[in-house]
Structures are given as C-alpha cells and as structure tokens.
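The values are calculated or read from the model by the stated rules, or taken from the named source; none is laboratory data. Keep in mind it's a predicted model, so treat the numbers as computed, not measured. Please note: Cβ atoms are built from the backbone with ideal geometry, for glycine as well, and neighbour counts cover all protein chains shown. Note: areas computed on protein heavy atoms with side chains; ligands, DNA, RNA excluded. Shrake-Rupley method; radii C 1.70, N 1.55, O 1.52, S 1.80 Å.
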Amino acid sequence: MRKIIILLFLLALNFGANAQEFTKADELRGSITPERAWWDIMYYDLKVNVEPDKKFIKGSNTITYKVLKSEEGQQVMQIDLQTPMKIDRIYQSGRRLKFTSDGNAHFIKLWRAQKEGKEYKIIIYFSGMPRGAVNPPWDGGFSWKKDNLGKDFIATANQSIGASIWWPNKDHAYDEPDNGMLMTITVPKDLVEVSNGRLVDEIDNGTTKTWIWKVVNPINNYGVNINIGDYIHFGENYEGENGTLDLDYYVLRENESRARQHFKQVPLMLEAFEHWFGPYPFYEDSFKLVEVPYLGMEHQSSVTYGNKYKMGYLGSDLSETGWGLKFDFIIVHESGHEWFANSITYIDVADMWIHEAFTAYSENLYLDYHFGVKASSEYVIGTRSLIQNDRPIIGVYNVHNEGSIDMYYKGANILHTLRQLIQDDKKWRNMLRGLNKEFYHKTVSSKQVEEYLSTQSGIDLTEFWEQYLRTIKVPKIEYRTEAKNLYFRYTNIVEGFDMPVIAIVNGKEEWIYPTSVWKTKINISNINSVSIKPDFYVDTEEVK
Ligand SMILES: [Zn+2]
C-alpha cells in the first residue's frame, strides 16, 4: 500500500517532468505571451451541455476582459483549447472573427479597436469529446463513470493538464477573472450537476436540466469543475471568523448516512485552519464537499471528495506514525488548499510548492490544533521517508514545468524547520495569517512568499530558501565531542548557509550556530549524549 501511494504521488507530479527539453507548445502554454499580456480577464460566462451517452460536450464561453495595453492595427488574443476539443466559431459585437491555431493555442484576430482601460466581450463556441481522465486527478480530464446503481457519475479534474482540456480560456495561472464566473451546465434531467460557488437556479428543460452556479470571487482555471451524479444534498452552517459560512454536501444517494457521520470532520477542519491561517477565503461562495469517482481535488469552494469515507489517505497513514489516521486526508488536505492554492495562487506552476508545501504542512497544523504539538511534530517527521531529493522543489519557469514531488513533504518539513527558527508559535501563526492577508485572492511568485516570510521573521532567509527550494542538498551537520567540548560544522550546503539548530546535549536543548567551518561549544559539561533536535530537517553525522 505504501509503495502504491508513493507511486501515485510520483505519477501525480512527475509525469512529463523528465523531459527537460521544452517545446514551442510548452512556451505557449507556460509563459505570459504578448497575446495574453495585453488583456485582463474580468469574467467568464461558461455554458456547457454534457451528453454522457456520447461522451460529448458543447457550449460557449463569453469572456469579459479589460484592455491593459492597446496596439496599433489588429490586436491578437491567445485562447487555449486542447485537442480533440474544437473551437467552432468566435464572435465579437456580432461579428465573426478569424483565428489561426498553433497546436492547442489559438490566436484570434480582433477587428475592432481595443481601447486601453475599456472592457469588451468575446464569445467562443466550442464542442468535442474531451480527453478522458487516465489517472485523475493527476493525469486528468473527464471521468465518465457509473455509480453502483448504473447511473452516470461524471467529474472533471485537470490541474496539471489544464482547464483548456475541456473549455476555452486563458490557460495560465497568473490571470484570474477578477469578478468570478457563471457556470450554466446542462445535463440529463435525472442527474444533479454541481460546480463552483452558489447554485442560483435550476431550469427544467424536459429531457434535460440546467444548473446555474455563480462564483463571485476570482477563481483559478484548474479549480473550475463539473460534477454530475445522482447526488443528494444536505448542509449545515458554520459560525466562523467572518460570520456564518454555508457548508453544503453533495454525495451519492447510497452514501448519505455514511457522509452525514463522516463529514462531521469538516467543522473541525475549518476551526483548525481558521485558527492558523485566518478566515476561510470564500465565505461569499460557500464551502462544499462533492463526492467524485476519483480521490479528490481542491476545486475552489467545491472541494471534491473520493476518499471512500476512510481516515488517512484511503485508509493508510502517510507518516506511519498513527497520527495520519486521526483525520480524513482528503477533507483536510484538499480543503487546506482553499487558503494555499485557491486564495493564494502561484503565478507560474514552477512555484507549485506555494500550494503543496503549505497544504501538506496544514495536515500537521490540523493535528497540532486538535492533538497538540507532539502529534504534529511526529507526523511531519514521519513523512520524511517520502522525500526523494531527486530534483529541486522549484521547477523551470515559463514552460509549464512543475518541480519535484518534494514540494509536498520536503516542503512541509522546511516549513516545520522554519517554525523552529521563529521560536515563537504565536509569531509563526501571525505570519501564516499575515500571508493570507497580504496575498489574499492574489497570484504570487515564490520570491514574494520567500521575502514576506524573511521580512516578517526578521531572519535573512536567503540561503535557507536557496538551499531547500533550489537545490537537492540536505544540509548535514557533522559533530564530534571531546570531554566537555562539542565541535560541529555544516557540509553539503550552499555558500553562506548558516541555519542555527538545537543540539540536545545530555538531554538538554542548546542552540548551536554551525557554518561551513568547524566551531566549538566548550565546557558544556561532561558530554554523554548529543543529538540534533529532529524537528530540523537536516542530516547529522557523528565523526570521530
Ligand atoms: Zn495538494
């Protein structure tokens, strides 16, 4: 089971990452091209008709955008939609527009002048049989499944592959629709459709039914989702930091009683995360858990759930300490992403650690809140066996390249190490809450997060981030003792790395300040035992 999990994670994040040669298509997908840079998305009005029998969808996306920079002559707009999906026609102000395609990137020639500061609309009609998900949520697309009663059970998941796998949009994380989006989804009439935000209307069309969902906050593309099933709905209110939060649950009819019991963890999760991170970031859009036929995903305000009502990660504990079975991994981890991924979103997927490190770390903050600091510490240290140190945590910029899988648990251990350096849990908590205020509903770079934490901590973390995020080197502390003296130094470090750590000498904690040269702490006492406090993510070796 353990190996399977690790393999799943590897598949999760590293597919496609081996090839370090990047193509034109990678650049078109992963960079802010001139055809993307001049306009700012204000609103997506997405309409989709889903025909499960044919595994076919068709619809339109009306994009409202603001012109940031107008150019002489005919302006060109890049829109992404991946094959085999097809753009059928495009209109602006009633006039049909021409476009050319370069693989999955489409370049639309706009006929009317695009005036700086003005808003315009463009409507794109599309259709096709979207890519089927191979191993969702990682190798994503549409999952066309059936429930135990043979009814359609359908869901989308497309973080890595991109939202343009099924709908046309500006498929780059830096730009989110400022005013949110409207989703109008039509499905066979005996099924329920659940998307992001709040349900504003259901329309009976006879043989089909249209479900209209409205999101009022900026939303990342990959968070946009369609879920279709024979769902039943129940809900509750949560009294949180920003008032009453509506919690809505959509689960398969057969699982209602299990879900009613199991989802009692949701308020516990919210209590812990609001404590550590601040208010849930999307009160206006509510919080939902929606059952899906795959493991789960952090879809904004409609977190998808497929952990089979088990504790841990499908019933197993990633940390192998027992603490991982104290919570449902998907409820905790995927909801943690509402703060880190949905509210604070990376500009470039190379900085995906902003999402995954903080969210992996949120698992131990959940434990910390409900079970104490010992539980959280044991859990995060337990997850170290998942660390690969194969590639740096930060990927390659501008070519849609994710860093190593280590963005999860090495990331969590880096943050846990930083917490030790802060030496003040109140301050640490304020820094985490501060991050969520400073970068609320924003897209950010790793550098911005690094600098924020450096400034707020009052510690120059330049080499700390360099070492842990941009190299695969684990700092190693070599030490030896002689009577009353302790000698120590770092090896395997980047230049200037000088992170202090706590040595435990004869059972007593002592800060030491290693650098690349041997230092001595003298006259401690007769030294019987020495170790480095395991909360620091470093290697240690006693040398003779
Ligand atoms: Zn995650």
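Listed values, structure above:
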{"quantity": "Members of the stretch 37-83 that are more than 21 Å from Asn158 (Cβ to Cβ) and either touching a Cys at 6+ places or on another chain (Cβ under 6 Å) or of a type in the set (A, V, I, L, M, F, W, C) (or both)", "calculated": "Ala37, Trp38, Trp39, Met42, Val67, Leu68, Val76, Met77"}
{"quantity": "Hey, Ser195 of a type in the set (Gly, Ala, Ser), out of contact with any Ser or Thr (no Cβ under 9 Å at 6 or more places or on another chain) and on the phi < 0 side of the Ramachandran plot or not", "calculated": "no"}
{"quantity": "Of all residues making up the stretch 448-483, the number that are within 23 Å of Tyr408 (Cβ to Cβ) and of a type in the set (S, T, N, Q)", "calculated": "5"}
{"quantity": "Number of positions in the stretch 352-374 that are under 21 Å from the mean Cα position of the chain (by Cα), more than 18 Å from Phe536 (Cα to Cα) and either more than 14 Å from the ligand (Cβ to nearest atom) or not β-branched (Val, Ile, Thr) (or both)", "calculated": "6"}
{"quantity": "Complete set of residues in the stretch 415-428 that are more than 16 Å from the ligand (Cβ to nearest atom) and not hydroxyl-bearing (Ser, Thr, Tyr)", "calculated": "His416, Leu418, Arg419, Gln420, Leu421, Ile422, Gln423, Asp424, Asp425, Lys426, Lys427, Trp428"}
{"quantity": "Val251 being in contact with a helix residue (DSSP H, G or I) (Cβ under 8 Å, 6 or more places away or on another chain) and open to solvent by less than 10 Å² (accessible area, probe 1.4 Å)", "calculated": "yes"}
{"quantity": "Considering residues of the stretch 258-268 that are open to solvent by 10 Å² or more (accessible area, probe 1.4 Å) and part of a helix (DSSP H, G or I) only, the residue farthest from Lys426 (Cα to Cα)", "calculated": "Arg258"}
{"quantity": "The stretch 45-67, residues that are aliphatic (A, V, I, L, M) and touching a Gly at 6+ places or on another chain (Cβ under 8 Å)", "calculated": "Leu46, Val48, Ile57, Val67"}
{"quantity": "Failed condition for Val538, given (1) open to solvent by 70 Å² or more (accessible area, probe 1.4 Å); (2) within 22 Å of Asn413 (Cβ to Cβ)", "calculated": "(1)"}
{"quantity": "Every residue from the stretch 220-239 that is in a strand (DSSP E or B), in contact with a strand residue (DSSP E or B) (Cβ under 6 Å, 6 or more places away or on another chain) and not hydroxyl-bearing (Ser, Thr, Tyr)", "calculated": "Asn227, Ile228, Gly229, His233, Phe234, Gly235, Glu236, Asn237"}
{"quantity": "Number of the condition not met by Phe153 [criteria: (1) farther than 30 Å from Pro34 by Cβ; (2) hydrophobic (A, V, I, L, M, F, W, C); (3) in a loop (DSSP other than H, G, I, E, B)]", "calculated": "(3)"}
{"quantity": "Residue within the stretch 131-151 that is surrounded by fewer than 18 Cβ atoms within 10 Å (Cβ to Cβ) and within 17 Å of Ile63 (Cβ to Cβ) present", "calculated": "no"}
{"quantity": "Test: Ser377 is of a type in the set (Ser, Thr, Tyr), away from the ligand (no atom under 13 Å from the Cβ) and under 30 Å from Gln20 (Cα atoms)", "calculated": "no"}
{"quantity": "Condition met for Leu386 (open to solvent by 10 Å² or more (accessible area, probe 1.4 Å) and in contact with a strand residue (DSSP E or B) (Cβ under 8 Å, 6 or more places away or on another chain))", "calculated": "no"}
{"quantity": "Strands (runs of 3 or more DSSP E) wholly inside the stretch 1-84 containing at least 2 residues that are under 22 Å from the mean Cα position of the chain (by Cα) and at pLDDT 95 or above", "calculated": "39-51"}
{"quantity": "Number of the exception - Ser302 against (1) over 15 Å from Val332 (Cβ atoms); (2) within 16 Å of the ligand (Cβ to nearest atom); (3) in contact with a His (Cβ under 6 Å, 6 or more places away or on another chain)", "calculated": "(3)"}
{"quantity": "Failed criterion for Asn217 (all others in (1) open to solvent by 20 Å² or more (accessible area, probe 1.4 Å); (2) in a loop (DSSP other than H, G, I, E, B); (3) under 23 Å from Phe287 (Cα atoms); (4) of a type outside the set (A, V, I, L, M) hold)", "calculated": "(1)"}
{"quantity": "Subset of the stretch 281-299 that is within 30 Å of Glu438 (Cβ to Cβ) and among the acidic types (Asp, Glu) - its residue that is nearest to the ligand (Cβ to nearest atom)", "calculated": "Glu298"}
{"quantity": "Test: residue in the stretch 390-409 that is more than 16 Å from the ligand (Cβ to nearest atom), closer than 20 Å to Ala272 by Cα, open to solvent by 20 Å² or more (accessible area, probe 1.4 Å) and more than 15 Å from the chain's Cα centre (by Cα)", "calculated": "no"}
{"quantity": "Selection count where residues are open to solvent by 30 Å² or more (accessible area, probe 1.4 Å), part of a strand (DSSP E or B) and under 19 Å from Val216 (Cα atoms), scope the stretch 156-188", "calculated": "1"}
{"quantity": "Residue in the stretch 423-442 that is among the basic types (Lys, Arg), under 17 Å from the mean Cα position of the chain (by Cα) and not in a helix (DSSP H, G or I) present", "calculated": "yes"}
{"quantity": "Considering residues of the stretch 189-214 that are assigned to a loop (DSSP other than H, G, I, E, B) and open to solvent by less than 20 Å² (accessible area, probe 1.4 Å) only, the residue nearest to Glu51 (Cα to Cα)", "calculated": "Leu191"}
{"quantity": "Lone unmet requirement of (1) at pLDDT 95 or above; (2) more than 16 Å from the ligand (Cβ to nearest atom); (3) charged (D, E, K, R) for Glu482", "calculated": "(1)"}
{"quantity": "Number of positions in the stretch 109-122 that are crowded, with 17+ Cβ neighbours inside 10 Å and assigned to a strand (DSSP E or B)", "calculated": "2"}
